Amino acid sequence: MTLSGKRILLIIGGGIAAYKSLDLIRRLRERGASVRCVMTAAATEFVTPLSVGALTADHVFIELFDRQDEHDVGHIRLSREADIIVVTPATADLMAKLASGLANDLGSTVLLATDKKVLMAPAMNPKMWSHPATRRNHAQLENDGIVFVGPNRGEMAERGEAGAGRMAEPLEIVAAVEALLDSRPKPLAGKKIIVTSGPTHEPIDPVRYIANRSSGKQGHAIAAALAALGADVRLVSGPVTIPDPAGVKTIHVERAEEMRDAVEQLLPADAAVFVAAVADWRTADAAGQKIKKVAGKGPPSLTMVENPDILATVGHHKKRPYLVVGFAAETQEVLKNAEAKLKKKGADFIVANDVGPAGTSKGGVMGGDRNRVKIVSKAGVEEWPEMGKDEVATRLADLIADKLRTTVV
């Protein structure tokens, strides 16, 4: 969608990621939005008001008790004149202030005074992001209706530091803004939908695990497309390197048993879409220490046990959603296997795709950006042409909306 005519208030927090806000301003304005900026005092230590003002072509607001800006209660005016408020970077301090209802500077006062949507892009050291206080504040803000984009995983400014805490990239934030301001009809409003995505990692020992090539791109795209249609989406994600979709509540897990437990705790729901490539097997007993190679001896034998079948569990559950959609990634006899899965798992639809053996032209589906799927149901098979995973997600979300639209669940 275009952002033409949209008024965006950008609050820049005090962190090294503040420099990304300069590119974000440019990206928003080239899509037609007008951008006004509030800077915290700490933000001015990282980027200058002169740079921000040059990019916004507007006055930059910094002081709460500025005589010129506050003669007409400027902080109220700022909070109400915007269509959306975006916070980049959302520091631990800013999150804590809003979660606690504090308003001791212009940025926090505007956030507390607004009646508009608020999008936060957190950025901080991984230890700060994982600290119990920050986790509590994050949960509180989500419950209060604040939408988050990121943080992503990666290298930090501090040497040798890595993990979750990098601010989302400007284009990711733009996409989140567009989704929140999208005024198109929301046919899934009021519907709760569970989506699983990514692989699972089944430990062998502290440094090795059983997994697959799933990137989570298709599952995350489906979660985002459902949210864009107004659904209350709960995404249960295995270990991936892509950011959480904006406007989606995401639960991160590692193992298949954790994913099953998370899904069951989210029931009841109106629909569930099982995109995750869950490992079929795990070791019976993961070693507590790294298994060492011993000269002259072959590899150790691993006793394997079957992982829970999450799709079948929910497909036959006493709290079964009205609509259950599964995925079948196959390398041979795609339709035959998908049709068998449809009957066995208790699903309404199976989205089948030929991922092909690794190294072939089809082998790029897992981890790639394109997909070609067949929709298998009791009514028959519908084959879709090859398209981007975002388009597959949009079409599948529309299909789910059509199925649920006239149904009272």
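Throughout, read-outs are computed from the coordinates displayed, never taken from laboratory work. Since we're looking at a predicted model, the values are computed, not measured. FYI the Cβ positions are ideal-geometry reconstructions off the backbone, even for glycines, and counts take in every protein chain you see.
For the pair ASP115 and LEU171 in one chain, pulling the backbone fully straight at 0.36 nm per residue adds 17.6 nm over the alpha carbon distance. Kirkwood analysis of the range 192-405, using all unique Cα-Cα pairs, places the hydrodynamic radius at 17.8 Å.
Along its principal axes, the range 252-343 has C-alpha extents of 56, 34, 20 angstrom, given from the largest down. Just LEU102, LEU180, LEU188 to compare: in a GNM of the chain, with alpha carbon springs under 10 Å, which one fluctuates most? Result for the chain, Cα springs under 10 Å: LEU102 fluctuates most.
Which value in Å does the Kirkwood hydrodynamic radius of the range 243-304 take, with 1/r averaged over all unlike C-alpha pairs and then inverted?
Working: mean 1/r = 0.0649 Å⁻¹.
Radius from the Kirkwood sum: 15.4 Å.
Axis of helix 19-30 versus longest Cα principal axis of the chain: the two differ by about 90°, to the nearest ten degrees.
For LYS374, the aspartates and glutamates whose Cα comes closer than 13 Å to its Cα, not counting residues fewer than 8 places off in the same chain, are GLU330, GLU333, GLU339, ASP354, GLU382, GLU383, GLU386.
Taking the chain on its own, what percent of its Cα-Cα pair distances exceed 30 Å?
Values: 39398 of 83436 pairs.
It works out to 47 percent of all Cα pairs.
How large is log10 of I(q)/I(0) for the range 7-181 at q = 0.10 Å⁻¹ when the intensity is taken from the Debye formula with one equal scatterer per alpha-carbon? These q points yield log10 I(q)/I(0) values of -0.33.
How large is the dipole of the chain about the Cα centre if only Lys and Arg carry +1 and Asp and Glu carry -1, each at its Cβ, rounded to the nearest 20 debye?
Numbers: 53 positive and 50 negative charges, 204 e Å.
In total the dipole reaches around 980 debye.
Each helix, a run of at least 4 DSSP H residues, gives -39500 (n - 2.57); summed and divided by the residues of the chain, these come to -9500 deg cm²/dmol at 222 nm.
Looking at this model, which pairs from LYS116/LYS249; LYS217/LYS292; LYS97/LYS191; LYS318/LYS403 are more than 26 angstrom apart at the alpha-carbon? Let's see the in-between values first.
Numbers: LYS116/LYS249 20 Å; LYS217/LYS292 35 Å; LYS97/LYS191 32 Å; LYS318/LYS403 21 Å.
Flagged as over cut-off: LYS217/LYS292; LYS97/LYS191.
Available extension along the chain between ARG29 and GLN332 is 104.2 nm, counting 0.36 nm per residue and deducting the alpha carbon span.
Under 14 Å from the 7 Å Cα→Cβ point of TYR19, by amide nitrogen: which residues of the range 32-53? The answer is 45-48, whose backbone nitrogens lie closer than 14 Å to the label point.
Between ASP402 and ALA162, the modelled labels are 4.5 nm apart [label points 7 Å from Cα along Cα→Cβ].
Only aspartates and glutamates eight or more places from LYS319 in sequence, or on another chain, were considered; those with a Cα closer than 19 Å are ASP232, GLU257, GLU258, ASP261, GLU264, ASP270, ASP309, ASP348.
DSSP finds beta bridges in the chain, and of those with both partners inside it, around 30 percent are antiparallel.
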